[in-house]
Amino acid sequence: MNDIVLLSPIWLSALTGLLVMLIDVLAARDQRPGYLGYVTATGMVVSGALALFLWRHGAALTSPFLKGVFSFGPYTLFFGLIVLMMAAASLIIAPDYLRQQDADQGEFYVLAAFSASGMLVFVAATDLVAVFLGLETMSLSIYAMTASNPRSAVGAEAGMKYFVLGGLASSFLLLGTAFLYGITGSTNIVDIGNYFMVNPPLGAAILPSFAMALVIIGLGFKIAAVPFHFWTPDVYQGAPTPVTVWMAGAVKAAGFAVFGRLLLTMFHANTFMHIAFNYKLVVLALALLTMTYGNLVGIVQTDVKRILAYSSIAHAGYILLGVYAVGTSGLLDSSVGFYLLTYAVATIASFGVVTLMGGSMNEDTSLDRFAGFGRRHPLLGLLLTISLLSLAGIPPFAGFAGKFYLFKDVLQSNVQYNLPVVIFALVNFPQITGLNSGVGCIKRPICCVIFTHLMLDVTLLRLRSNGLNSLHLKHFLQPLSSNLSGNLGP
Amino acid sequence: MSAEMIVFWILAIGAVLGALAVVLPPFGRNPLHGALALVVSFIFMAGVYVQLSAFFVAVIQVLVYAGAVMTLFVFVIMLLNLTPEELAQPKYSWYKVLSVFSALAIGFIVASGLTHVLVHFHAASIPATFGNAASVGGVLVKKWLFVFEFSSILLLSAIVGAVLIARKRRS
C-alpha cells in the first residue's frame, strides 16, 4: 500500500495520459482538442499536490519493494514539484498556440503527460536501470512533440535532429551504465558509490574514469552543456514554442536533478581524488565553457527563440558552477535548487510571452517584430521585461537572489579556484543578450546591466572579507530548509 | 586451450567479422546485404551469451533481434527502395577519417580497461537456475515490477508519437 501512495505522482501523471487518450477517442470528431491541454494540466497539478502531500507526510512511509530503485525523499519531491509545475505551465500556454498554428491534436497532450511521468521516474530513480527508463520515456515523447506540427518543415527537422542526437546521448549513458555494472557488479547508485569508497580507483583507473565520462556526456546532452549543446538552438527554434518551454524548463530541471544526484552519489570527489580525472574539474570546465559560449554566441542572434535558447545554455553553465561547488551535503542544501526555481519561473514567463507573440500561421519571432512591443502590449511588455531582467540577474527580481546565493556558495565552499571562478562568472555578463529583446520596453537596458553587475561584484567581494554567514540561503528559504535535513534519502 | 575457449574464439571472430561486413565492402555496399551480415553477427553474439550462461538473453537475441528487429530493417530498406544511382560511391572526407580514429581510440580505452579488470577477475560460482526464463521472470515481477510495468508507458508513447507524426490531418 505504501508503494502505491509513494508512487502516486508518477502513476497519476501516466494515468492522466491514458485518460486524455480515451477522451480524445470518445469526443466528437469536429471538436477542437484544445481543452485536453487543460485536462492534462489539471492532472499535473494534482500530481504536484500529491508530491507536496508526500513531502509533508511521506517521510514515515517506507516500502521495501521500492528500496534501492526509487527514492521519495525531499530531493526527489522538490525537483519533481519543479518539473510538474513547469509541465503544467507549458500545457496551459499550449492549446491557444497550437490552435493558431492549426496543429492541435489530442495526441500531443497524451505525449506530454507520458513525458511528465517519465521525468518523475527519471528524477526519483536511484538505480541506473530506472534512470534510463525514465530518460527514454521523457525523451521519446518530446521527440514526437517537437515534430508534431505537420506543416512545419523546421519542426520536422528539429524533431529528427533531436531524435538522432538524443538517441546517441542515451547510448552513451547506457554504455556508462554497462561499464559501471561491470566494475562494481551493481546498478544501484548508492552501491556503486560505496564500492568506489571501499575500492578507490588508483593510478590510471581507465575504466572508472571512462564510465564517468560516458555518464557525464549522456546527461550533459540533456542539460545542453557545451560541448554537447549543438542541437539546442535549432531544436528550440524549430519546435512549437510550448515544447520549447517544456525542454528549457522541465527537462532541464529534471536533467540537473539527476546529473547532481548521480555524480555526487556515485563518484564522491574524495574517492576519486587519487586520479587525475576528477569529476569536479570536468564539471568546472563544462561550466566555464557553457556560460561563456551561451553568453557570447547569444549576442549575435536575431531570433528571440534562439536568444532564449542561448540564454538557457548560459544558465546551464551557472547551475553547473553550483554543482561544482556542492560539498558533501548534497545538491538540495546548496543554492542550485533555488537557482533552478528562479530560472524556471523566468523562463516560463519569457517563453510564454513569445508564444503569445508568435502564435500565427507564419510564426515569426525575429527581434524586429519585438520593436515597440512595450507600446503595443504594455502588460505583456512589462512581463517580458521583468522576466528577462530576472534571467539577467538584476535586483530586485528573483534571478538576482538566485545568482547571488549561487556565487556566495561557490565563494564559501572550499573548492579549488573559487575566487577566480566567481570573478570569471561575473565578468561573463549574463544575458545582456536576453535584454536585447526588451527593445521598446525600456530604452537603454545595457547601462543598467553593467551598473548592477558592478554593484553585485563589489557586494560579493566585500562580503567575502566580512564573513558570508550573515546572509545564508537558509534564512531565505526557512520553511523549505527545515525539511531538508536528510537530502538524498535511501 | 580448452574446448570452451575454442568455441568462444569461433563465436567472437564470427561476431566481429559479421559486424565489419555490415559497413565494409563487398556486403556493406548494398543495404540488404549489410542487414543480412548483421543477422550473422547477432547469431554469433547469441552463442557468446549461451557461453555466459545467459540462456534467456540468448533466446531473446535470436527471437527479437535476429527475428523481429531485422524484419523491420528489411522493411525500411524495402520501403526506401533505393536505386543503385542513389547508393553512390562513398566519399572519403576528413570527417570519416576522424570518426575512424575516434572509434579506434575508444576501442583502445575500453580494451585496456577491460584487460585491467580481467587481471583481478575471479569467476564466481553461479546457481543452476541462473539466466533461465524462470529466474529472469522472477526478477522482473519482484524487484523490478514497477519499472517493468512502466516500460509499457514508454512503448505506448512511442506508438502514440508515431501516430501523431505519421497520420493524415483531420480536415
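State whether the residues of segment B:28-43 include one that is in a loop (DSSP other than H, G, I, E, B) and under 30 Å from residue B:135 (Cβ atoms).
For segment B:28-43, residues in a loop (DSSP other than H, G, I, E, B) and under 30 Å from residue B:135 (Cβ atoms): absent.
When you go through A:393, A:317, A:322 one by one, which is the residue that is surrounded by 22 or more Cβ atoms within 10 Å (Cβ to Cβ) and at pLDDT below 80?
Within the list A:393, A:317, A:322, the selection yields A:393.
Select, from A:27, A:49, A:41, the only residue that is of a type outside the set (S, T, N, Q), free of Cβ contacts under 8 Å to residues at least 12 places away in the same chain and surrounded by 14 or more Cβ atoms within 10 Å (Cβ to Cβ).
A:49
Could you identify the single residue in A:75, A:38 that is of a type in the set (Ser, Thr, Tyr), modelled with pLDDT under 90 and in a helix (DSSP H, G or I)? Before the answer, list the steps.
Numbers: A:38 fails: modelled with pLDDT under 90.
Answer to the selection: A:75.
Quick check, is residue A:149 buried (at least 23 other Cβ atoms within 10 Å of the Cβ), over 24 Å from the mean Cα position of the chain (by Cα) and either more than 9 Å from chain B (Cβ to nearest Cβ) or free of Cβ contacts under 8 Å to residues at least 60 places away in the same chain (or both)?
yes
State whether one or more residues within segment A:124-138 are farther than 23 Å from residue A:76 by Cα and facing chain B (nearest Cβ under 10 Å). Walk me through how you get there before you give the answer.
Applying the first criterion (farther than 23 Å from residue A:76 by Cα) to segment A:124-138 yields none.
Within segment A:124-138, none of the residues are farther than 23 Å from residue A:76 by Cα and facing chain B (nearest Cβ under 10 Å).
I need a count of the residues in segment A:152-162 that are facing chain B (nearest Cβ under 10 Å) and in contact with a Phe, Trp or Tyr (Cβ under 6 Å, 6 or more places away or on another chain).
1
Please count how many residues of segment B:4-35 are over 24 Å from residue A:182 (Cα atoms) and buried (at least 17 other Cβ atoms within 10 Å of the Cβ).
7
With the structure loaded, tell me whether residue A:133 is surrounded by fewer than 20 Cβ atoms within 10 Å (Cβ to Cβ) and at pLDDT 90 or above or whether it fails that test.
When the stated conditions are applied, residue A:133 does not pass them.
Could you say which residue among A:190, A:235 is surrounded by 20 or more Cβ atoms within 10 Å (Cβ to Cβ) and assigned to a helix (DSSP H, G or I)?
On the way: A:190 fails: surrounded by 20 or more Cβ atoms within 10 Å (Cβ to Cβ).
Testing whether each residue is surrounded by 20 or more Cβ atoms within 10 Å (Cβ to Cβ) and assigned to a helix (DSSP H, G or I) leaves just A:235.
Yes or no: residue A:171 part of a helix (DSSP H, G or I), at negative phi and small (Gly, Ala, Ser)?
Yes.
Would you tally the residues in segment B:49-104 being among the charged types (D, E, K, R) and at pLDDT 85 or above?
Going through segment B:49-104 one residue at a time, the tally reaches 0.
Return yes or no: is residue A:26 farther than 27 Å from residue A:339 by Cα, among the aliphatic types (A, V, I, L, M) and within 12 Å of chain B (Cβ to nearest Cβ)?
no
I need a count of the residues in segment B:1-27 that are part of a loop (DSSP other than H, G, I, E, B) and touching a Leu at 6+ places or on another chain (Cβ under 7 Å).
0
In segment A:90-108, which residues are under 11 Å from residue A:44 (Cβ atoms) and either more than 22 Å from the chain's Cα centre (by Cα) or within 14 Å of chain B (Cβ to nearest Cβ) (or both)?
Correct list: empty.
Which residues, taken from segment A:196-220, are more than 14 Å from residue A:131 (Cβ to Cβ), part of a helix (DSSP H, G or I) and more than 13 Å from chain B (Cβ to nearest Cβ)?
A:196, A:197, A:198, A:220
Among residues belonging to segment A:1-19 that are under 22 Å from residue A:135 (Cα atoms) and more than 9 Å from chain B (Cβ to nearest Cβ), point out the one that is surrounded by the fewest Cβ atoms within 10 Å (Cβ to Cβ).
Restricting attention to segment A:1-19, the residues satisfying the condition of being under 22 Å from residue A:135 (Cα atoms) are A:3-4, A:6-18.
If we keep only those that are more than 9 Å from chain B (Cβ to nearest Cβ) too, we end up with A:4, A:6, A:8-9, A:12-13, A:15-16.
Details: A:4: 11, A:6: 22, A:8: 19, A:9: 30, A:12: 22, A:13: 31, A:15: 16, A:16: 25.
So, considering only residues that are under 22 Å from residue A:135 (Cα atoms) and more than 9 Å from chain B (Cβ to nearest Cβ), the one surrounded by the fewest Cβ atoms within 10 Å (Cβ to Cβ) is A:4.
Given the structure, is residue A:111 surrounded by fewer than 24 Cβ atoms within 10 Å (Cβ to Cβ), part of a helix (DSSP H, G or I) and within 9 Å of chain B (Cβ to nearest Cβ)?
In short, no.
Pick from A:192, A:142, A:183: which is away from every other protein chain (no Cβ under 12 Å) and among the β-branched types (Val, Ile, Thr)?
A:192
Sort out which residues of segment A:60-89 are without any contact (Cβ under 8 Å) to a residue 12 or more places away in the chain and away from every other protein chain (no Cβ under 14 Å), and write them in order of number.
Within segment A:60-89, A:60 is the sole residue that qualifies.
Please go through segment B:130-171 and pick out each residue that is part of a helix (DSSP H, G or I), within 9 Å of chain A (Cβ to nearest Cβ) and under 27 Å from residue A:30 (Cβ atoms).
B:156, B:157, B:160, B:161, B:162, B:163, B:164, B:165
The values are calculated or read from the model by the stated rules, or taken from the named source; none is laboratory data. All values derive from a computational prediction rather than experimental measurement. Please note: Cβ atoms are built from the backbone with ideal geometry, for glycine as well, and neighbour counts cover all protein chains shown.
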